[in-house]
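Note sheet for the following structure.
The values are calculated or read from the model by the stated rules, or taken from the named source; none is laboratory data. In this text the structure is predicted, and so the values were computed from the model without any measurement. Using ideal geometry, Cβ is built from the backbone for each residue, glycine included, and neighbour counts are taken over all protein chains shown. Just the protein is used for accessible areas: all its heavy atoms, side chains included, with ligands, DNA and RNA removed. Shrake-Rupley method; radii C 1.70, N 1.55, O 1.52, S 1.80 Å.
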Amino acid sequence: MTRRSSIMSKPARLTPMLEQYFEIKRQVPDAILFYRLGDFYEMFFEDAEKAAPILDLVLTARGKGGEWEAPMCGVPHHAAEQYIAKLVRSGFRVAVCDQIGDPALAKGIVRREIVRVVTPGTAIEGTILDRESCYLLALSPSEDSAGAAWLDVSTGDFFVTSYATENDPRLHDDLARLGPREVILARDEGNGLEVTMGKLATVSPVEASYFEAGGAAVYLCRHFGTQTLRGFGLETNDARVGAAGAALRYASATRKNDLAHIRTLRVESEADFMVLDASTLENLEIFESRDPSNVRASLWSVLNQTKTAVGSRTLRRWLGRPLRDRDRVFDRHDAVAELLGDRTLLDRVGELLSEIADLERIVSRITLRTATARECLTLARSLEAVGRLSQRIAQLQGPLLASLRAALDALPAVQSLIGTTISDVPGPSVKEGGVIREGVDRELDELRAIAADSKSVLLGIEAEERSRTSIPSLKIRFNSVFGYYIEISKANLARVPADYIRKQTLVNAERYITPRLKELEEKILGAEEKAIAIEVALYERLLEELTENAAPILATAHAVGDLDAIASMASVAIRNRYVRPSLSDEIEIAIEEGRHPVIESISGERFIPNDTTIRRGENEIQVITGPNMGGKSTYLRQVALIVLMNQVGSFVPAGKARLGLFDRVFTRVGASDHLARGESTFMVEMHETANILNNATARSLIVLDEVGRGTATFDGLSLAWAIIEYLHDQQERNAITLFATHYHEVTDLAKTKARVTNLSVAVREWNDQIIFLRKVLPGAADKSYGIQVAKLAGIPASVIGRAREILTTLERKERDVVEETRRTDRSRSDSDAGQLSLFDTREQDVARDIRALEIETMSPIEALNRLHELKSKLMQ
């Protein structure tokens with residue numbers, strides 16, 4: 001045995017304390033155990049070695065030099081929450097083990113138990129949580145699908161969904177959108193999914209029985225008080241049921257509570273919302289900026305002017321799940337417009353919302369019995385603000401705002417219950433006293449009075465007894481043997497009342513006790529302890545009554561969140577001059593003077609607006625050419641963001657807009673690689689493009705920026721050409737598409753493809769310089785201005801000069817090649833006009849093969865394989 005024993009290889013002989021420690025530690029082998037010893041929580045062995053550097057603690061040892069030397073470190077119990085939060089934010093699970101018995105009364109070692117296990121995905125502690133959701137994901141792969149349950153214990157949000165497989169792109173999209181803090185999987189040593197998920201969140205393996213659908217169904221029915229799960233749209237053998245049961249059971253086990261605040265389970269359907277995949281969330285910078293130097297450069301940062309935590313979470317949820325239902329989008333637009341109509345009212349609504357705390361999380365902590373008295377007071381004051389808010393918006397008539405006003409229940413009975421129970425300035429903890437208001441309990445008031453002023457009480461009794469016995473020398477004294485007693489001198493013994501009980505005889509005096517004095521003694525000595533016990537009982541009763549009101553409080557919280565999200569969008573619309581878009585029944589985009597919402601908010605320059613007109617059957621594929629830095633990417637993104645903002649329910653940055661409702665927004669923007677997966681930039685690009693080509697519908701919006709630039713020029717050009725043709729010709733994939741490219745050759749497609757149109761970003765040349773006008777105009781760009789852009793970037797003049805020489809030579813050679821190709825291909829029919837004419841005459845065989853390709857009937861994979869064959873022929 002080593003001197004410094006590990007948890008798994010404990011010494012043969014242990015102290016009683018360490019025996020108890022190991023017994024408890026076996027219950028939570030994967031967690032860091034906070035073991036209460038007096039005024040400290042101690043950590044031992046590997047737990048101490050893991051925690052010490054994270055918590056910046058000095059690692060010491062218990063039993064140093066002995067055969068059971070144990071590495072240890074500890075933290076004061078009153079500061080434990082801060083240390084627990086730091087460990088949990090670092091991805092650890094922390095088991096809190098408290099002393100259950102009274103050390104003074106214990107015979108032998110005091111009893112200890114684990115009272116809670118704090119994990120990244122089940123945290124409710126304010127020291128750990130931020131304003132965002134804190135999801136636990138339970139994932140249950142099966143042969144034909146993967147069931148998933150998402151649970152936020154801190155708010156009670158609980159829903160299930162399913163994925164085609166554990167590699168379903170939708171799973172990765174939801175991971176990006178919802179950002180789970182913890183993932184639970186069935187324990188399996190060979191589970192590759194555990195490795196994959198471990199890169200994204202803390203993974204906690206659990207027993208496979210947690211996911212067993214039959215047992216999970218029974219557990220869920222018992223929790224919700226139902227006979228079946230059909231009311232939630234679920235059947236017993238559904239993989240989603242197993243995942244939901246596992247999530248709820250795991251969270252309940254860690255919190256040591258039945259989680260009564262989780263009152264419903266919903267099935268989330270993709271059909272109700274616009275789909276934003278992980279690439280789109282990243283490429284459009286919906287939630288996070290891609291520029292680490294400007295973290296506020298995201299759509300979320302622009303739109304989020306919410307005043308409450310629940311409003312912030314609501315708006316973020318809306319932004320990740322834009323609507324597809326026309327009526328719901330219209331109602332949100334209507335609500336924003338109504339608030340915009342009275343700016344004084346909007347300002348007052350914002351002020352009242354600022355007075356409302358995080359009702360969802362307060363309710364959760366009340367239900368879990370961890371809420372403080374101060375949080376209860378905060379709840380009462382927040383509900384009082386809800387009442388004033390409801391009155392303030394009483395004149396609003398729109399259907400959405402009217403329904404929210406009706407849901408804003410100030411719950412006066414709850415306010416009264418808290419107000420008549422909790423002190424105006426309660427102590428930090430009920431176990432320290434001073435929480436329950438005076439007058440709530442007569443015995444408590446008496447005990448407090450005794451504990452606070454026992455001396456004056458005793459002096460009062462002493463004065464009463466002197467008056468009653470007419471013994472002026474009568475005194476009340478105390479010693480540790482007899483407690484409180486009355487001492488009377490020998491000269492006054494004849495006046496001693498009959499109800500005095502002799503306790504001790506001294507040389508010059510006698511000592512007596514009375515039933516009243518003994519009762520008072522017991523009250524004085526145990527007054528503080530009894531007072532705290534009564535306060536704890538009264539407070540527990542209060543929490544129980546508040547728990548019974550959890551459902552209406554949560555309904556009010558949800559209404560507050562919706563109103564706050566709408567008010568935020570209205571405030572942003574005023575500040576940034578957004579307009580209400582009109583909703584089209586057709587798939588179209590008609591934007592006048594559109595602007596990029598993020599760039600205009602962070603740029604010090606005046607933003608140059610642009611118009612966009614795209615209609616089905618006319619010009620749904622737009623090819624945009626022009627120089628780098630000219631504004632192509634900004635234009636693409638602003639159109640996509642305006643479409644997205646419309647379906648969130650927001651007004652949009654434009655002079656005027658008419659928009660259809662889209663089912664998805666796809667983007668392929670920028671260059672990146674996944675080296676950890678062994679994927680090059682080009683492979684990532686092809687994966688994302690394949691996803692678009694395989695999943696886009698006629699109701700989708702596709703944004704493609706420089707597709708094909710990650711490979712050789714001819715390869716990239718061929719791919720860009722083929723992709724545009726495919727999107728044009730495949731009816732089921734015939735989505736509105738914005739395609740920015742440097743391959744000017746693809747602009748020839750507008751000659752043969754009726755619904756392809758060319759746009760370009762305008763520039764002006766002056767004195768061998770270029771000026772970016774940032775305007776998007778009809779027509780194709782005649783060149784890329786790459787050398788001029790390089791000059792602006794500071795490339796040395798000698799390099800610029802040499803580049804011009806090379807460019808002149810290449811352009812002359814290309815003209816010669818084109819002319820030769822035209823001479824040899826004069827026999828081609830008019831129907832072939834517009835095909836590629838950039839290939840060298842020495843490669844006519846390959847050119848003929850390309851012309852013979854029936855692209856309309858080829859899948860993207862077949863096209864890629866054929867391109868590979870043609871390239872191999874060229875390389876021979």
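Of note:
- In this structure, Ile54 and Arg381 have a Cβ-Cβ separation that, at R0 = 41 Å, corresponds to a calculated FRET efficiency of about 0.65.
- Straightening the chain between Val267 and Ala406 buys 47.5 nm, computed as 0.36 nm per residue apart minus the Cα-Cα spacing.
- Where Rh is the Kirkwood radius over Cα pairs, Rg/Rh for the range 359-485: 1.30
- At full extension, Ala61 and Asp258 could sit 67.1 nm farther apart than now, given 0.36 nm per residue minus the alpha carbon distance.
- For the range 338-401 versus the range 463-511, the spacing of their alpha-carbon centroids is 63 Å.
- Calculated on alpha-carbon atoms, Rg and Dmax of the range 524-671 in Å: 26.0, 91
- Relative contact order (%) - the range 565-615, alpha-carbon pairs under 8 angstrom, separation at least six: 36 percent
- Given charges at Cβ of Lys, Arg, Asp, Glu: the chain dipole, positive-most of Phe273, Leu178, Tyr83: Tyr83
- Separation of the Thr226 and Asn479 label points, Cα + 7 Å toward Cβ, nm: 7.2 nm
- Label point 7 Å beyond Cα of Arg577 along Cβ direction - residues of the range 637-656 with amide nitrogen under 15 Å: 652-656
- Of the solvent-accessible surface of the range 466-618, computed with a 1.4 Å probe over protein heavy atoms with every protein chain present, carbon and sulfur atoms account for 48 percent.
- A simple spin-label model places pseudo-atoms 7 Å from Cα toward Cβ; at Lys656 and Glu143 they are separated by 6.0 nm.
- Sorted from greatest to least, the principal axis extents spanned by the alpha carbons of the chain come out as 144, 76, 63 Å.
- For Cys376, the accessible area of its heavy atoms, probed at 1.4 Å with every protein chain present, is near 0 square angstrom.
- Here's the picture: charge each Lys and Arg Cβ at +1 and each Asp and Glu Cβ at -1 in the chain, and of Tyr21, Val496, Val763 the one pushed furthest to the positive end of that dipole is Val496.
- For Thr15, solvent-accessible area (1.4 Å; no DNA, RNA or ligand), Å²: 40 Å²
- Protein-only accessible surface order, largest first, of Arg448, Arg62 at 1.4 Å: Arg62, Arg448
- For the chain, the longest principal axis of the Cα atoms and the long axis of helix 169-178 meet at an angle of about 50 degrees.
- Counting only heavy atoms of the protein chains and using a 1.4 Å probe, His172 has close to 70 Å² of accessible surface.
- Between Ala537 and Arg516, the FRET efficiency from the beta-carbon distance, with R0 = 30 Å, is close to 0.70.
- Look at where the Cα atoms of the range 267-336 and of the range 571-622 average out, and the two centres are 17 Å apart.
- Nearest 10 degrees, 0 to 90: helix 343-353 Cα axis against the chain principal axis: 50 degrees
- A crude spin-label estimate for the pair Ile602 and Ala852, with each label 7 Å from Cα along the Cβ direction, gives 5.3 nm.
- Calculated FRET value between Asn691 and Glu862, using beta carbons and R₀ = 22 Å, to 0.05: 0.80
- Positive-end extreme of charge dipole, the chain - chosen from Phe224, Ala309, Phe739 (charges on Cβ): Ala309
- Paramagnetic label reach from Val496 (point 7 Å along Cα→Cβ; backbone nitrogen cut-off under 17 Å): within the range 506-527, residues 506-518.
- Pairs from Lys199/Lys256; Lys632/Lys753; Lys431/Lys523; Lys25/Lys256 whose Cα-Cα separation, in the structure shown, is over 20 Å: Lys199/Lys256; Lys632/Lys753
- Degrees separating the helix 80-89 axis from the principal Cα axis of the chain, which is the longest one: 20 degrees
- One chain, two ends: Asp325 and Asp611. Fully extended at 0.36 nm per residue, the span grows by 100.4 nm beyond their Cα-Cα distance.
- Note on the range 104-144 and the range 172-235: Cα centroid distance 16 Å, given to the nearest whole angstrom.
- Cα-based Rg and Dmax for the range 471-557, where Dmax is the largest Cα-Cα distance (Å): 23.5, 76
- Normalising the average separation of contacting C-alpha pairs (under 8 angstrom, six or more residues apart) by the number of residues puts the relative contact order of the range 236-351 at 20 percent.
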